[in-house]
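Have a look at the structure below before the remarks.
The values are calculated or read from the model by the stated rules, or taken from the named source; none is laboratory data. Since the model is a prediction, treat every value here as computed from it, not as a measurement. No Cβ is skipped: glycine too gets one built from the backbone with ideal geometry, and neighbour counts run over all protein chains shown. Areas reflect the complete protein model, heavy atoms only, side chains present, ligands, DNA and RNA absent. Shrake-Rupley method; radii C 1.70, N 1.55, O 1.52, S 1.80 Å.
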Amino acid sequence: EMEYETDITELEKDTFRTFVEHFFAAAGQTADREILLNQLKERTGVDVKEKADKGEMDDKMLDKLLSASSVEIFPVQLPTKETGFQAVSVYLDDKGVAKNLEENVRVSGLVQACGYPGQTIRGDCFIGRVFDDTEDEWRRMDFCLKDCSTDAEWIHATKLQRANRKSGDLQSMANSIGVNNPARIDPSMLADAAPKGETADYSWKQSEDEVEVTFKKEGLQKGDKKYVKVAFGRKRLRVEVKEEVIIDSALAGTTTADECTWTLSDGVLQVTLAKADEGSWPELLEA
C-alpha cells in the first residue's frame, strides 16, 4: 500500500499518477523491438521501420520514440450513482506485451471477476480508486489490501454494473459521467477474440451487445466535457473534441442510438455503442 500525508483532490495535481509514470519510466526492462514496431504500426498505420530503412526517419528519433514510457489506464469500475460515484482503475506498463512481462495473476483475476472474461494484465501494476461526481468534485480515495479480493464489495458492484449496462439507465450514465489512453492488454476482452482495431486516433473493441471506442486525444481534463460533442445515429457516429472532428463516418453495424453513451473520466474519452443486433462487427467503420 502507498500512503499520502495529504489528500489528493485535484486531477491536475495527481501525485499518484505522477509516481506511477516515474515508476514505469525507471523500470528499464528491455522491450522486444519488433513487437514495439508492430504495435506502433497498428496504432498509427505508419510503418516507421520502413521509413527508418529508407532514411526518412533518423535512427535516434526512432529509438527515442520506442523507448518513451507511458502509463496505460484500464478503467474497471465507472463512477455512477450506483457505485456512489466511485471508480477503480488499473495502471500498468504500456509495453507489457513487448517486454514479455509475466501475467499478473492476482490482478488479472480481480479484473476477470468484475466481468471482463479473458482479460490479462501483465507485469507490475497499481490499482487506484477515485470519487468523481463528473461535475464539481474529484479526489483520490483509499484502496486497501482488503480490496484486493474477489469477494470485495466493489468487485460485486462492478460485475452488476457491467451486466446491467445495456438494460440499465444508460442515458443517465451518459449524463453523469464523461471515460491509455486505452489499456492495450493482450489477449482481447472476450475469450473468443472478436474483431477489434486501432488507429492513430482511437482503439475499438466489442462484446456481444456493444462496441467500445476509446480515443487518444491527449490533454483532456474533467472540465473539458463542454468541449466534447458526440452525435449518435443508427448507422453513423460523429465525435468532435475542442472543435476537432475525430470521427464523422458511417458505422459497419447498426446501433440503438438512444442507448449509446459517451464518458470522459481520468482524462480518457470513451464512446459505447449499443448494438441493434447481436453478433460481431467486421470493422468499426463502413468501408
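One table, with the values for the structure above:
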item	result
Residues of segment 129-147 that turn out to be more than 18 Å from residue 7 (Cβ to Cβ) and touching a strand residue (DSSP E or B) at 6+ places or on another chain (Cβ under 7 Å), as a count	1
Failed item, numbered, when residue 160 is tested on (1) among the aliphatic types (A, V, I, L, M); (2) assigned to a strand (DSSP E or B); (3) open to solvent by 40 Å² or more (accessible area, probe 1.4 Å)	(2)
Residue count, segment 221-242 (criterion: in contact with a helix residue (DSSP H, G or I) (Cβ under 8 Å, 6 or more places away or on another chain) and open to solvent by less than 50 Å² (accessible area, probe 1.4 Å))	3
Residue in segment 193-200 that is open to solvent by 60 Å² or more (accessible area, probe 1.4 Å), hydroxyl-bearing (Ser, Thr, Tyr) and at pLDDT below 90 present	no
Meets criteria (touching a strand residue (DSSP E or B) at 6+ places or on another chain (Cβ under 6 Å) and in a loop (DSSP other than H, G, I, E, B)) for residue 150	no
Tally of residues being open to solvent by 30 Å² or more (accessible area, probe 1.4 Å) and in a loop (DSSP other than H, G, I, E, B) across segment 2-20	8
Residues of segment 254-273 satisfying the condition of being more than 30 Å from residue 13 (Cα to Cα) and crowded, with 19+ Cβ neighbours inside 10 Å	255, 259, 260, 273
Residue tally, condition closer than 19 Å to residue 81 by Cβ, exposed (fewer than 15 other Cβ atoms within 10 Å of the Cβ) and among the small types (Gly, Ala, Ser), over segment 138-157	0
Members of segment 244-281 found to be modelled with pLDDT of 90 or more and assigned to a loop (DSSP other than H, G, I, E, B), listed by number	252, 253, 254, 256, 260, 276, 281
Those residues of segment 73-108 which are of a type in the set (S, T, N, Q) and either open to solvent by 30 Å² or more (accessible area, probe 1.4 Å) or modelled with pLDDT of 90 or more (or both), in sequence order	77, 83, 86, 89, 100, 104, 108
